[in-house]
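The values are calculated or read from the model by the stated rules, or taken from the named source; none is laboratory data. Model, not experiment: these values are computed from the prediction. Counting neighbours? That spans all protein chains shown, and the Cβs are built from the backbone with ideal geometry, glycine included. For the accessible areas, the whole protein counts, side chains as well, though only heavy atoms, and no ligand, DNA or RNA atoms are used. Shrake-Rupley method; radii C 1.70, N 1.55, O 1.52, S 1.80 Å.
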Amino acid sequence: MLSRRARIAALALTLLAIGAGGVGARCLSVGQARCSLDTLLHGAPDLDVPYAVTRPEAVAAMLDLAEVGPGDHVIDLGTGDGRIAIAAAERGATALGIDIDPVLVAEARGKARAAGVAARTRFLAQDLFETPLGDADVVTMFLLPEVNQRLRPRLLAELRPGAHVVSHAFAMGAWQPDGEARVGGSRLYHWVVPAQVAGRWTLRDAAGEHALVLRQAFQRLEGSLANARLTEGRVRGEQIAFDAGGRRYSGMVSGERMRGEDWEAVRTEAQSSPASSFHQR
């Protein structure tokens, strides 16, 4: 029969084994951040997206789609080990990598130092939904469809017209991509943030002054110019083009004004819903 001291020791070992099993299960969970001393002591944050690796050839193709180069600022959402941000910095850009997993963020910082681009990269352990996006020229991501959908309104509202968004594997629902690429088994999607032009404008050309009404769904346009219906309407960044009244109008948008080679327009009334106003699903 076991002594009292032996029974206590056995109970302690049993509790320790149970605890270790629980820690091991949590450390192996794809829904939580990787284990570290800090996460074991204070709890690991839940992940919106399990960590998955982007292959180097897909990283290069994503940056090629967005034409990343010197002077660009890239924000990589769900950066993981920082490989996209590091590759952008190696092209001369500055990059900010965001991940909720502090272990991966520490790993990314170490890899940036090893690659010699620590001065052009920054990595933060924080929620991507709380990260300001407005200073990015390019946003890259490898998330999930529902996360992309949640981010979509912020991308359209915060990024400047002409900024690029590139997603690995998943699209943006009704916001159709401006371009796509396939690298091995990876499908990549590319968008150029459109200027928000929905509303009423006064357009002047050689024929006089006309009322221009624009309805916008992401980069697509519908509406009318005087009594003519708009067709083939599209916005790509600050570039706008549409057909109306038997001619093609193309030009550049700058805030409340648009200007083409022989025409210009001034907005008189903005539409309150900037994301889209027709055919959205």
Candidate set: region 92-104, residues that are β-branched (Val, Ile, Thr) and in contact (Cβ under 8 Å) with a residue 60 or more places away in the chain; chosen: the one surrounded by the most Cβ atoms within 10 Å (Cβ to Cβ): ILE100
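Determine whether GLY245 is in contact with a strand residue (DSSP E or B) (Cβ under 6 Å, 6 or more places away or on another chain) and crowded, with 16+ Cβ neighbours inside 10 Å.
No.
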Just name the residue that is farthest from PRO194 (Cα to Cα) out of those in region 250-261 that are part of a strand (DSSP E or B), of a type outside the set (D, E, K, R) and open to solvent by 40 Å² or more (accessible area, probe 1.4 Å). SER250
So the strands (runs of 3 or more DSSP E) completely within region 205-249 holding 1 or more residues that are of a type outside the set (Ser, Thr, Tyr) and farther than 21 Å from PRO194 by Cα are 208-217
Kindly list the number of the only condition in (1) more than 30 Å from ALA217 (Cβ to Cβ); (2) in contact (Cβ under 8 Å) with a residue 60 or more places away in the chain that fails for GLU107. (2)
Give the residues of region 121-138 that are surrounded by fewer than 19 Cβ atoms within 10 Å (Cβ to Cβ) and not in a strand (DSSP E or B), sorted by residue number. GLN126, ASP127, PHE129, GLU130, THR131, PRO132, GLY134, ASP135
Where a residue in region 120-137 is touching a residue at least 12 places away in the same chain (Cβ under 8 Å) and its partner, wherever it lies, is in a loop (DSSP other than H, G, I, E, B) and open to solvent by 30 Å² or more (accessible area, probe 1.4 Å), with Cβ under 6 Å and at least six apart: ASP127/ILE100; ASP137/ASP72
Can you tell me which residue within region 62-87, out of those that are in a loop (DSSP other than H, G, I, E, B), more than 13 Å from the chain's Cα centre (by Cα) and of a type outside the set (A, V, I, L, M), is nearest to ALA52 (Cα to Cα)? GLY80
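Being within 15 Å of the chain's Cα centre (by Cα) and buried (at least 17 other Cβ atoms within 10 Å of the Cβ) narrows it down to one residue among ALA169, ALA198; which is it?
Result: ALA169 is the single residue among ALA169, ALA198 that is within 15 Å of the chain's Cα centre (by Cα) and buried (at least 17 other Cβ atoms within 10 Å of the Cβ).
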Name the residue that is farthest from THR54 (Cα to Cα), counting only residues in region 88-146 that are of a type in the set (S, T, N, Q) and within 12 Å of the chain's Cα centre (by Cα). THR131
Take LEU155 and decide whether it is out of contact with any helix residue (DSSP H, G or I) (no Cβ under 6 Å at 6 or more places or on another chain) and assigned to a helix (DSSP H, G or I). yes
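Working only within region 236-281, note down all residues that are aliphatic (A, V, I, L, M) and modelled with pLDDT of 95 or more. Lay out the reasoning, then the answer.
So in region 236-281, the residues aliphatic (A, V, I, L, M) come out as 240-241, 244, 252-253, 258, 265-266, 270, 275.
Within region 236-281, ILE240, ALA241, ALA244, MET252, VAL253, MET258, ALA265, VAL266 qualify.
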Among (1) under 30 Å from VAL139 (Cα atoms); (2) open to solvent by 10 Å² or more (accessible area, probe 1.4 Å), ALA206 falls short only on (1)
